[in-house]
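Everything on this sheet refers to the single structure shown next.
The values are calculated or read from the model by the stated rules, or taken from the named source; none is laboratory data. In this text the structure is predicted, and so the values were computed from the model without any measurement. Here the Cβ is made from the backbone with ideal geometry for all residues, glycine too, and neighbour counts use every protein chain on show.
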Amino acid sequence: MAADPPVPDPAPQDGLADTRAEELYDLYLEAALAGEMREPRDFLARAGVGDGPGVDDLVARLRQIQQLVGARPRREASAGLPFDRLGEFRLLEALGSGAMGVVYLAEQTSLGRLVALKVIREELAGTLGAEQRFEREAKALARIQHPGVVRLFGFGTDAGARYLAMELVPGQSLAELMAERGPLPPVQVAQWGLELAGALARVHNADLLHRDVKPSNVRIHEEGYAVLVDFGLSRSRDVGTQERSGGFAGSLGYASPEQVRGNRELGPETDVYSLGATLYHALSGRPAFEAQGIEALLQAILREEPTPLGSIRPGIPKDLATIVHHAMSKDPERRYRSAYDMAADFEAVLALRPIRARPPAPLERAAKWARREPAAAAGLGIATVAILALLAMVALQKHFNRVEREADARAALEEARLAVIEYADDREAMRSLDFELRALAQAREYRFVTDEERSSFAAIVDQVEEARRRREGVAFLVGELLARAQRLDPGLEEEAGEVLQSLLLEKWQDAVATGDSVGQRLFEQELRRATADGRLDELPFPTATLVVSSPVPGARAWLFRLEELDEIRPDGERRQVCVPVGPTGLDLDQPDLPLGCRALRLSSAFDDQPWNFEATDLLLEVDGEPIDGGAFVAGSTEDTQLRVGDRIVSVDRRAVWDGLDAELAVDAASGSATVGIRRGGQTLELEVADLSKVELLEPDTWLTLRGGRALRWREGQRESVDVPPGLPWRTTANPQFASRACELELGVEVPGLRRGLYVVVVTAPGCRPLRAAVGQGDTEPRIEIELEPRPLEFAPPGFVHTAYRGSVLRESWPAEHETTAEQYLPFLEDVPVRAQIDAALAEGDVIRIPRSGGTGTIFWERDEGAGTVELPPDWTGDMPVIGISYDDATAYAAWRTEHGDGGTYFLGDQGRRAEVAVAFESRLYSWGSRFDPRFANTCFSRPRAGVEPVMSYPVDESPTGVYDLCGNAAEFIDDWFDAANGYRHAAGGAWGQAPAAINGVLGGYGHKPHRSTGETGLRLMWRPEEDR
C-alpha cells in the first residue's frame, strides 16, 4: 500500500540527500496513483523534511506528478490496447495493471514466443522518477538468472512508451491464490518458501535488494513453483546501506521494522523479513499485522509481535512456524543472516531434518509477550515477567528428570516408527484410488459418463485430496516426533536415523509412482546424506548391475538414461532426452553437450560401409546453419531476391521453426511479406512480393538431395566434413551422443543403475543399429541382456530394430513411420484388390480406398478404366494414408505379407506399441510424461491444423528411433478399444485431435472394424520367418 512515510521522530531535516529525494518521489508516486493525493509540501512536512537545499526541486517534481496524474484518466487493463506493436512485440491482450504500468500478453515476433510486456502508464510517460524506476527494474532483472526470478527478454522505448518484456509466468499471483483458497497447505508453502528464499539468495548475490516482497509480487506458475516478480523498488546493496534519511519504499503490510523507521541500514535481512511476512499470510490466511489506519499499522509493525501461527492454525508444523517467526524477528540481528540460510531450513523441513532456527528462549518469549500484552506487562513489570520465565524454566527442568526424558523420547520414537508403518500401509490404498481416478478421467475423454460415474469421480477426487493431505500430515508428524526424541535423548540418534531413512524411502517411492523426477532426486540425495558412509551400494533403495553382451563380431554398445531436459537446462523443453551414462552407472557431467538439440542422423537401413559415416554420427550444422529454425531456399524466381541456399528464419518478423511453418506464414501474408534470411553469415530482411514462387526444403531433405558441408559430431569430436548427396538423413530432437565416455565394454558389469529407463544402442559393421530400452525397477539386482544387431538385408527397408527389456527381452521391427500414401497406392492398384473394391461399390459400399467415415466420400480419385488411383492435388506421397478402416489396415498387412520377400507384416498390439515408444514409468508420450501440442502433429500444433508429411515432428520420435507415435494419423492396432461394443483401437492421437489423453501413445479412440474417419491410418510391424 502507498502512504505517507511515518517516522518515530518527525524532527524536520535541513536539506535533502539524493537518495532521500528518490525515496520520497517513489512514495508520493505510489500514493498519487492510489488516489491519495496531497499537497507536496504537506507531504514532505509529514515526512519530517523542512526547507533546505534540494527541497524546492523535489517539490517541483512532485507537482509534475500532481498535474499528470490529475489531468489524465488512469488507463486500466480492461481499457483496450493502446498500441498494436512496441518494437518487436505485438500486443495481444491486457493481463493486468499496477501502480507503475499495465501488463499485456504479447508475442515476440522474431522468436515466435509469448511474453509479458509491461508498459509504463500513459499518465506517467515522461516523468523522470517513473522512468528511472522502470529502468532500475530492467537493470536489476538483467543481472539475475534464476528459475525463481522472472526473466527479462527486452527493454526499450517505442511510440513514446517505455516497456519491459519479461517471461510470461502462467498461473496466479500468491495474493490471488490466497483470496481464492484462504490458508494454503503447509507443505506447499514450505516448498514455495524454499524456492523464493533461493531466488532471494541469488538476488542478494548480485548485490541487489528487492525491498518489496509481498504476495502480489509472487507468481505461482501453473506447474506449481513460485517466481519472484516486480523489481521496480530494487536497489543496489551499496545504495541500501547508505539510506538513513527516514524514507520508506515498499508495501507497508510486509515491510520490515527498519524499512518503516527509515533510519536503519538495509541488508538482506529486510527481504528475509518480508518473505517471512508473506509466508505468514499464506499459512494463517491473514496478514501478520492488521490495524485501523496507517499510524496504528505502523505502531503494530514496530512494537507488536505477530500472533503465533500455532495458535491460529494448530496443524502447522512447529518447525515451519519457527522458520517464519524467526524470519520476522524485530531485530535484524536475530533473523536469518542470509536468504540462503532460510532456504536451508526450508529444505530441512521438507526433508524432515532438524532445522537450525530455534524457538525463542523463555526470556525472549517473555519480552515478546510483553510487546503483545503491554497493559498486563505494565502491571507486572518486565522484571517480574523475566523472573516468572526463569522460574518456569527451572520447574520444567525439575519436572523432566532423566528417566522421564528417556521414556518420553522412546515413546516419541515408537510413535514415529508406527506412523511410518501407517504411511507405508496407506500407499496401496492411495495407488488404488489414483488408478480408479485415472480410469474415470480417461473415460470422460472418450465416452458419455453416467450420473453415477460423475458422482463417483467427484467423490474419489475428494478422497484423493484428503488422502494426500493426511499423508503430508503424517510425514510432518514423523519429523517432529524424531526431532523431539533426539532432543530428549541424544542417544537415540542412530535409531531415529533409521526411522527417518524408512520415511525417506517411502517418500522416494511415492515420487517414483507419480513420475516426480525432481522428488526422486531430492529424496535420493537425502537418503545419501542419511546413510553413514554415503556409498551407493549401501543406500536403502534398489540399484542394479547391468551386463550387455552381443554375439556379433565387432559389435559396440553405448548406454543412455532418460532424463527431463528442463531439469538439465533452465531453458530446456519439457521433455525427456537421452543422457550418456558412464561405466559406473552415473550420468556423465558434460555441460557442453547440446542435449535435446535438433541434429541429423542416418536412417537405420543405411549401409555405412562405402561412405565415411557411422551409424552413431550426428550432424549439428549444415552449410554453416544450425538444424533447428527455418528452411533452405531450394528454388525461386529472380524477382523474389532470394537465392538458393538462403535460410528463411522469419516471415513478417515472426520466427518460423521449419519449412511448413514458413509456408503457413507465407499463406497468412497473402503473397507479399518481409522475409528474414541468413545468407553467408549475415542476417538480412527482404521484401518479397510473391512467396508462392519459393521452394523450401528442410535441412535433412536439402542435404539428401544436394549434399553440402556439415559439422559432424563423432564420439566427442566435432569436425567439418563434406557430405555427398543421396544419403538418407533424419532429423532428431533427441540425439544420442555416443562417445567413449558412455561406451560399454561388452560382457563387463555396469554397477549402481538407479531406478529409471535406460537405452542401449548397439551397432556392428554391416548391420542395422539396435536400440534397446531397459527398465530398471525394484526387483532385479542384476540385468543381463544379449543384443544381436541384424544385417542390413535381414529386414525390409523402412523398418527399425528395437527391443524392450522389462521382465524379459522382446525384440520388435516397427516401421520407422506411418504407412504413407506412396506405400499404399500399389495395394489399391493390385488387380484382386481392385476387384474387391468394384464388388463393394456395386453393393453401395466403399472399402480399401481412403474415404470419409461419415459420408463415404472418396478422398483419392480412381480411374476405373486404367485401374489407377491419383492423390488429391494438395497431397504428397510422403503423407500418411488416412481415411481407412481397421479391416482395410489388416487387408493391407496381409497383402504386404503375400507380396513381400519373407516374414510377416502385421498391426502391433498395445504391448508392442508401448515397448517401441518406451511408454513406461509414467511416459505417456514418445517424448515423456508432459504434453505439449507442438511436439506432435495435433490439432493445435500450428495455426492451421492439417495432415503433414511423416517425420515432420522430430520431437515425436521414441528413444528407439520410431516417429509419429503421438500425432498425424491415428494408427489402428490389433487390440480392442471397447470389446463389449465391438470397437477397434485407433491409437496415438491424430492431426485433428486436441485432448492430451487422446494424443498419448496408447490414447486414441474406437471404431467399428469397417468404419473410417479422416484421421485413421496405420503403421506396420514386421516379424522374421524364424519368429512366426
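Descriptive notes on the structure:
- With respect to the conditions (1) in contact (Cβ under 8 Å) with a residue 24 or more places away in the chain; (2) more than 19 Å from residue 469 (Cβ to Cβ), residue 341 lacks only one, and its number is (1).
- Sole exception among (1) under 24 Å from residue 546 (Cβ atoms); (2) among the hydrophobic types (A, V, I, L, M, F, W, C); (3) not in a strand (DSSP E or B) for residue 727, by number: (1)
- Selection over the range 206-232 of residues that are charged (D, E, K, R) and either within 16 Å of residue 253 (Cα to Cα) or outside the structural domain of residue 273 (by TED's automatic domain parsing) (or both) gives a count of 3.
- Among the residues making up the range 765-800, those that are outside any loop (DSSP other than H, G, I, E, B) and within 34 Å of the chain's Cα centre (by Cα) are 770, 771, 772, 773, 774, 775, 776, 782, 783, 799.
- Qualifying residue in the range 758-773 (condition: surrounded by 15 or more Cβ atoms within 10 Å (Cβ to Cβ), of a type in the set (Ser, Thr, Tyr), under 16 Å from residue 555 (Cβ atoms) and not assigned by TED's automatic domain parsing to the domain that holds residue 913): yes
- Among the residues making up the range 895-905, those that are out of contact with any Phe, Trp or Tyr (no Cβ under 8 Å at 6 or more places or on another chain) and either at negative phi or not in a loop (DSSP other than H, G, I, E, B) (or both) are 898, 899, 900, 901.
- Scanning the range 834-850 for residues that are closer than 16 Å to residue 870 by Cα and either assigned to a helix (DSSP H, G or I) or not hydrophobic (A, V, I, L, M, F, W, C) (or both) yields a total of 4.
- The residues of the range 794-817 that are among the acidic types (Asp, Glu) and over 12 Å from residue 1020 (Cβ atoms) amount to a single one, 811.
- Applying the criterion of being of a type in the set (D, E, K, R) and in a loop (DSSP other than H, G, I, E, B) to the residues of the range 906-929, the residue that is surrounded by the fewest Cβ atoms within 10 Å (Cβ to Cβ) is 909.
- In this entry, residue 545 passes the filter for residues that are modelled with pLDDT of 70 or more, out of contact with any helix residue (DSSP H, G or I) (no Cβ under 7 Å at 6 or more places or on another chain) and β-branched (Val, Ile, Thr).
- Checking residue 757 against (1) out of contact with any Phe, Trp or Tyr (no Cβ under 9 Å at 6 or more places or on another chain); (2) under 15 Å from residue 544 (Cβ atoms); (3) in a strand (DSSP E or B), the condition it does not meet: (1)
So that you can scan it fast, the table gives a plain yes or no per residue for (1) small (Gly, Ala, Ser); (2) farther than 21 Å from residue 182 by Cα; (3) at pLDDT below 90; (4) in contact with a Ser or Thr (Cβ under 9 Å, 6 or more places away or on another chain):
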site: 263; (1), (2), (3), (4): no, yes, yes, yes
site: 284; (1), (2), (3), (4): yes, no, no, yes
site: 288; (1), (2), (3), (4): yes, no, no, yes
site: 299; (1), (2), (3), (4): no, yes, yes, no
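- All positions within the range 714-749 that are basic (Lys, Arg), closer than 24 Å to residue 960 by Cβ and modelled with pLDDT of 90 or more: 714, 730
- Scanning the range 838-848 finds one or more residues that are touching a helix residue (DSSP H, G or I) at 6+ places or on another chain (Cβ under 6 Å), among the β-branched types (Val, Ile, Thr) and not assigned by TED's automatic domain parsing to the domain that holds residue 761.
- Selection count, the range 411-452, where residues are of a type in the set (Val, Ile, Thr) and at pLDDT below 80: 2
- So residue 287, is it touching a helix residue (DSSP H, G or I) at 6+ places or on another chain (Cβ under 6 Å), touching a residue at least 60 places away in the same chain (Cβ under 8 Å) and either of a type in the set (A, V, I, L, M, F, W, C) or in the same structural domain as residue 259 (by TED's automatic domain parsing) (or both): no
- For the range 327-347, filtering for residues that are of a type outside the set (Asp, Glu) and within 20 Å of residue 184 (Cβ to Cβ) leaves 5.
- The strands (runs of 3 or more DSSP E) located wholly in the range 559-667 that include 3 or more residues which are at pLDDT 90 or above occupy 576-580, 599-602, 618-622.
- Flag set for residue 876, criterion: part of a loop (DSSP other than H, G, I, E, B) and of a type in the set (S, T, N, Q).
Condition check ((1) farther than 19 Å from residue 1006 by Cα; (2) in contact with a strand residue (DSSP E or B) (Cβ under 8 Å, 6 or more places away or on another chain); (3) surrounded by fewer than 18 Cβ atoms within 10 Å (Cβ to Cβ); (4) of a type in the set (A, V, I, L, M)) across all residues:
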residue: 880; (1), (2), (3), (4): yes, yes, no, no
residue: 899; (1), (2), (3), (4): yes, no, yes, no
residue: 938; (1), (2), (3), (4): no, no, no, no
residue: 952; (1), (2), (3), (4): yes, no, no, no
residue: 960; (1), (2), (3), (4): yes, yes, no, no
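- Extreme residue, surrounded by the most Cβ atoms within 10 Å (Cβ to Cβ), among residues of the range 818-833 that are in contact with a Phe, Trp or Tyr (Cβ under 9 Å, 6 or more places away or on another chain), in contact (Cβ under 8 Å) with a residue 60 or more places away in the chain and not in a loop (DSSP other than H, G, I, E, B): 821
- Residue, surrounded by the most Cβ atoms within 10 Å (Cβ to Cβ), within the range 135-156, restricted to residues that are more than 20 Å from the chain's Cα centre (by Cα) and either closer than 15 Å to residue 108 by Cα or among the small types (Gly, Ala, Ser) (or both): 140
- The range 885-915, residues that are touching a Pro at 6+ places or on another chain (Cβ under 6 Å) and modelled with pLDDT of 95 or more: 886, 887
- In this structure, residue 497 does not qualify as at pLDDT below 75 and in a helix (DSSP H, G or I).
- Residue within the range 753-764 that is more than 32 Å from the chain's Cα centre (by Cα) and modelled with pLDDT under 90 present: no
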